[in-house]
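Encoded as structure tokens, the structure appears first; notes follow it.
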Amino acid sequence: MTTTQTQPQIQQWTNLAQQLRVDSIRCTTAAGSGHPTSSMSAADLMAVLMISYLRYDFDNPKHPNNDHLIFSKGHAAPLLYSMYKAAGAIDDAELMTLRKFGSRLEGHPTPALPYVDVATGSLGQGLPIGVGVAMAGKYLDKLPYHVWVVLGDSEMAEGSIWEACDKAGFYKLDHLIGILDCNRLGQRGETELGWNTAAYAARARAFGWHAIEIDGHDYEQINQAYAEALQTEGKPTLIIAKTKKGKGVSFLEDKDGWHGKPVPKDKEDEALQELHRPARSMTFSVQKPENLQPVSIPPAKAVDLPRYEVGSSEATRKAYGDALKALGEADGRVVAMDGEVSNSTYAQEFAKAFPERFFEQYIAEEQLVATAIGMQVRHYIPFASTFAAFFSRAYDFIRMGAISRANIRLCGSHAGVSIGEDGPSQMALEDLAMMRAVFGSTVLYPSDPNQAAQLVAEMAKHDGIVYLRSTREKTPVLYAPDEKFTVGGSKVVKQSAQDKVTVVAAGITLHEALKAYEQLKGENIHARIIDAYSVKPIDEETILAAAEEAGNKIVTVEDHWPEGGLGDAVTEVFTQRDGPMPQVVKLAVQSMPGSGTPAELLEEAGISAHHIVQAVKALI
């Protein structure tokens, strides 16, 4: 479509763009670090967006119909913060605290600022998360807000970008608009494609996007591209804008070697003079969104969890699917996504019951986690599932999710050698360590379907990154359907006044521990058995009491490598207090497994009932 602008409008865009450049230099020079040149290249793009297209109420950042502006190139934070100042959301004094200790204006954006949806800075994440937000808008909220994602050309080499492009095209996210700031220069020289904007456009179109190539410093072209993007239906839009890094300052513009470097103090005045520094900081009004509300969701009701009878057998992965379906019936905010293994994770139970709230992500685990993060931005309760081993592909998204203060629930199935014949490529043996290391995370490992169902319900109520490890094999039902389990708890399954040792297990190894208990009991050896289903936070009180009451001897057993899992979680309990360290024997997978039956592999790994019996005898 064709648009026309008046001279006053162009002058207003120019004034804002120059102010954004000036402020990007000022705050980074004051900080002594930062990315002014990466901010300056996109200033014209952001000036037109902010004045003429963005719909956002800075007085009400939680307005459901606000547009979402995500800086995937998070290192251009000085530009984003300068926009907030220009909108009157922050003042100049705060802008000048960039990168200072205690400032909300961190080196890369985080939700410490209420206008920032998610943390960015690890490149390749903003667009995938934007896809999740746009899915929520189109299919759940059913609101017309737009998701604007500012991309850097260096991050277009990230595979996660193309996972996002694929899913955005598949789901026809026409309210998603990517703005590619193609300034040619990366951290150490030219980017992979340089200024070959046609190549970016061809790639985007191959994924079902509408692509527009423009001069990113030509206001006429920028304005027309945004207008065209808003009129495009049935597909997302990528605007590929050819720009110059450091635009507006002769000794910075398109010059290599300035990435991540502030303008020195002795060059600041020269740079600002070239930008015709405004006499004062101006405030520019941003249009507010229409006062529309998302589709109404009925109030949540009590969850009617599935029930499994003691004496029967069921896999905890099946209990996950059954409980997720029950949660979906109770609360319309619960949504689910899976990585094309829902018939194994049993997320298919939710998908069959609530297809409008299930979002298949296919074999794209980074996008799987990113979609969950994007949907929690819109206050949904997302559950994302795949084989536990494959969450390692998405670990950067998980750790960044913690920085985003994201509330997501992850379920990893097919964990450990107990999966059997599939072999080590499918066996998560690192996942407990991986998830425990995430800031503020919760890590759960149920051994029983009733326990698993209860913990899935607890996950929905819990903040932060919550991970549940489920088991492939059917196992005996140990607990009655009405037994209660809480985050941070455990169950003492077997105990007596004669206990000489404590065995701490979780998941599949609890069943091995119970077999060992019967063997030991037959030899008049009394062992306390603890089901540590909450690996993080672990039940310190119960473990400390067991050590004191049962000879200060502990055996931990886990279907996991010895580093960072259950054994380390138990050991760490005793490093946080004064007093003698108990004798701790850690049974874990010590050698690279192969294929075999679950029983064969548990025995080979040294974590079967037989090995537990040997460890207990050796210890006492």
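The values are calculated or read from the model by the stated rules, or taken from the named source; none is laboratory data. Note that the coordinates shown come from a computational prediction; the quantities given were computed from them, not determined experimentally. Neighbour counts are summed over all protein chains in view; Cβ atoms, including those assigned to glycine, are modelled from backbone coordinates with ideal geometry.
Among the candidates Lys352, Lys325, which residue alone is modelled with pLDDT of 95 or more and closer than 13 Å to Val456 by Cα? Don't jump to the end; show me each part of the working.
Working: Lys352 fails: closer than 13 Å to Val456 by Cα.
On inspection, the qualifying residue turns out to be Lys325.
Within the range 413-427, is there a residue that is of a type in the set (A, V, I, L, M, F, W, C) and over 28 Å from Ser313 (Cα atoms)?
Keep residues of the range 413-427 that are of a type in the set (A, V, I, L, M, F, W, C), which gives 415, 417, 419, 427.
Narrowing further to those that are over 28 Å from Ser313 (Cα atoms): none.
There is no residue in the range 413-427 that is of a type in the set (A, V, I, L, M, F, W, C) and over 28 Å from Ser313 (Cα atoms).
Restricting to the range 54-81, and then to whatever is in contact with a helix residue (DSSP H, G or I) (Cβ under 8 Å, 6 or more places away or on another chain) and either over 26 Å from Arg26 (Cα atoms) or among the acidic types (Asp, Glu) (or both), can you tell me which residue is surrounded by the fewest Cβ atoms within 10 Å (Cβ to Cβ)?
Pro64
Could you tell me whether the range 28-36 includes any residue that is farther than 14 Å from Leu80 by Cβ and either surrounded by 24 or more Cβ atoms within 10 Å (Cβ to Cβ) or without any contact (Cβ under 8 Å) to a residue 60 or more places away in the chain (or both)? Explain how you work it out, then say what you get.
First, the residues of the range 28-36 that are farther than 14 Å from Leu80 by Cβ: 29-33.
Now restrict to residues that are either surrounded by 24 or more Cβ atoms within 10 Å (Cβ to Cβ) or without any contact (Cβ under 8 Å) to a residue 60 or more places away in the chain (or both): none.
No, because not a single residue in the range 28-36 is farther than 14 Å from Leu80 by Cβ and either surrounded by 24 or more Cβ atoms within 10 Å (Cβ to Cβ) or without any contact (Cβ under 8 Å) to a residue 60 or more places away in the chain (or both).
If we keep just the residues of the range 255-297 that are over 30 Å from Pro64 (Cβ atoms) and touching a strand residue (DSSP E or B) at 6+ places or on another chain (Cβ under 7 Å), which is surrounded by the fewest Cβ atoms within 10 Å (Cβ to Cβ)?
Keep residues of the range 255-297 that are over 30 Å from Pro64 (Cβ atoms), which gives 255-281.
Checking which are touching a strand residue (DSSP E or B) at 6+ places or on another chain (Cβ under 7 Å) leaves us with 256, 259.
Working: Asp256: 12, His259: 17.
Within the range 255-297, the match that is surrounded by the fewest Cβ atoms within 10 Å (Cβ to Cβ) is Asp256.
Can you find, within the range 296-350, the residue that is nearest to Val369 (Cα to Cα) among those that are assigned by TED's automatic domain parsing to the domain that holds Ala394 and among the basic types (Lys, Arg)?
Only one residue tops the list, namely Arg333.
In the range 411-419, is there at least one residue being surrounded by fewer than 20 Cβ atoms within 10 Å (Cβ to Cβ) and within 18 Å of Phe387 (Cβ to Cβ)? First the steps, then the outcome.
So the first thing to find is which residues in the range 411-419 are surrounded by fewer than 20 Cβ atoms within 10 Å (Cβ to Cβ), and the list is none.
Checked against the condition, which is being surrounded by fewer than 20 Cβ atoms within 10 Å (Cβ to Cβ) and within 18 Å of Phe387 (Cβ to Cβ), the range 411-419 yields no hits at all.
Checking Asn60 against (1) assigned to a loop (DSSP other than H, G, I, E, B); (2) touching a residue at least 12 places away in the same chain (Cβ under 8 Å); (3) more than 28 Å from Val263 (Cβ to Cβ); (4) out of contact with any Asp or Glu (no Cβ under 8 Å at 6 or more places or on another chain), which single condition isn't satisfied?
Only one criterion is unmet by Asn60, namely (2).
To keep it simple, each residue is scored yes or no on (1) within 24 Å of Gln367 (Cα to Cα); (2) hydrophobic (A, V, I, L, M, F, W, C).
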position	(1), (2)
Ala164	yes, yes
Asp181	yes, no
Arg188	no, no
Trp195	no, yes
Arg205	yes, no
Tyr226	no, no
Ile239	yes, yes
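Based on this model, can you work out whether Val263 counts as β-branched (Val, Ile, Thr), assigned by TED's automatic domain parsing to the domain that holds Pro36 and assigned to a loop (DSSP other than H, G, I, E, B)?
Details: β-branched (Val, Ile, Thr): yes; assigned by TED's automatic domain parsing to the domain that holds Pro36: yes; assigned to a loop (DSSP other than H, G, I, E, B): yes.
Considered against the rule, which asks whether it is β-branched (Val, Ile, Thr), assigned by TED's automatic domain parsing to the domain that holds Pro36 and assigned to a loop (DSSP other than H, G, I, E, B), Val263 comes out as yes.
Filter the range 213-237 for residues that are under 32 Å from the mean Cα position of the chain (by Cα) and under 16 Å from Gly152 (Cα atoms) and give the result.
Residues satisfying the conditions are Glu213, Gly216, Thr237.
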